[in-house]
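**Student:** This is the structure, below, for whatever I ask next.
The values are calculated or read from the model by the stated rules, or taken from the named source; none is laboratory data. All of these numbers come straight from a predicted model, not from anything done at the bench. Cβ: placed from backbone, ideal geometry, glycine included. Neighbour counts: every protein chain shown.
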Amino acid sequence: MSDYFKHESAYIDEGCRIGNGTKIWHFSHIMSGCVIGENCNIGQNVVVSPDVILGNNCKIQNNVSVYTGVQCEDDVFLGPSMVFTNVINPRAAVSRKDEYRATILKRGCSVGANATIVCGHTLGEYCLIGAGSVVTKDVEAYALMVGNPARRIGWVSRHGEKLHFDEQGIAICPATGEKYQLENNKVTLL
């Protein structure tokens, strides 16, 4: 039996697995078949649709719907009122539940408030999606993305600090001192 907190106004359907230390707040609904890791924080008015997988230490802010087909690895942050889709061409009169496209958020990814993630894409490790951005393609690890459609305007560290690369393609995170390399338009932690 898992030891987690559920506010009295939250609903958790049968068949869910919820890790120790997770908190599920006011008016949220965790639907059947979900797997939620340890030490997650599910904010107010959040819906987690059937069969969604959330890793450990995920933070979902208020008013977010995490639809079937979404998978979040450990340490993912979803900002207030951000939006996922799971069908590319929805129609009210046409059932497309067999056409859900997978969306994967890799470890440490952060999505800002009111951003939209169009289904069928992978957001790389520790990328940072700016508030209000619309992601329409895969995102590289450590990429800083803004706009509609979102475009890369730089790179960030695991700590979320903007990286400034020298002539040799080396950057140091100002918060942690970690060293990163930019080579062939890809960032790696050294």
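**Student:** Where the second residue is part of a loop (DSSP other than H, G, I, E, B) and hydroxyl-bearing (Ser, Thr, Tyr) and the first is surrounded by 14 or more Cβ atoms within 10 Å (Cβ to Cβ) and lies in region 162-181, which pairs have Cβ atoms under 7 Å and are six or more apart or on separate chains?
**Tutor:** If the second residue must be part of a loop (DSSP other than H, G, I, E, B) and hydroxyl-bearing (Ser, Thr, Tyr), the pairs left are 163/157; 173/157; 178/157; 180/157.
**Student:** Right, here's the next one. Exactly one of (1) β-branched (Val, Ile, Thr); (2) within 15 Å of residue 66 (Cα to Cα); (3) assigned to a loop (DSSP other than H, G, I, E, B) is unmet by residue 104. Its number?
**Tutor:** (3)
**Student:** Checking residue 113 against (1) out of contact with any Lys or Arg (no Cβ under 7 Å at 6 or more places or on another chain); (2) in contact (Cβ under 8 Å) with a residue 40 or more places away in the chain; (3) under 17 Å from residue 188 (Cβ atoms), which single condition isn't satisfied?
**Tutor:** All conditions pass for residue 113, except number (3).
**Student:** Let me ask something additional. State whether one or more residues within region 113-120 are within 12 Å of the chain's Cα centre (by Cα), under 25 Å from residue 68 (Cβ atoms) and not in a loop (DSSP other than H, G, I, E, B).
**Tutor:** yes
**Student:** Separate question: Having 2 or more residues that are charged (D, E, K, R) and modelled with pLDDT of 95 or more is the bar; report the strands (runs of 3 or more DSSP E) wholly within region 147-190 that clear it.
**Tutor:** Once the strands (runs of 3 or more DSSP E) in region 147-190 are filtered for at least 2 residues that are charged (D, E, K, R) and modelled with pLDDT of 95 or more, what remains is 151-155, 179-183.
**Student:** Still on this structure, please answer the following. Can you tell me which residue within region 121-131, out of those that are part of a loop (DSSP other than H, G, I, E, B) and touching a Gly at 6+ places or on another chain (Cβ under 7 Å), is surrounded by the most Cβ atoms within 10 Å (Cβ to Cβ)?
**Tutor:** 126
**Student:** May I ask you to list the residues in region 72-95 that are assigned to a strand (DSSP E or B), of a type outside the set (D, E, K, R) and farther than 15 Å from residue 135 by Cβ?
**Tutor:** Result: 94, single match.
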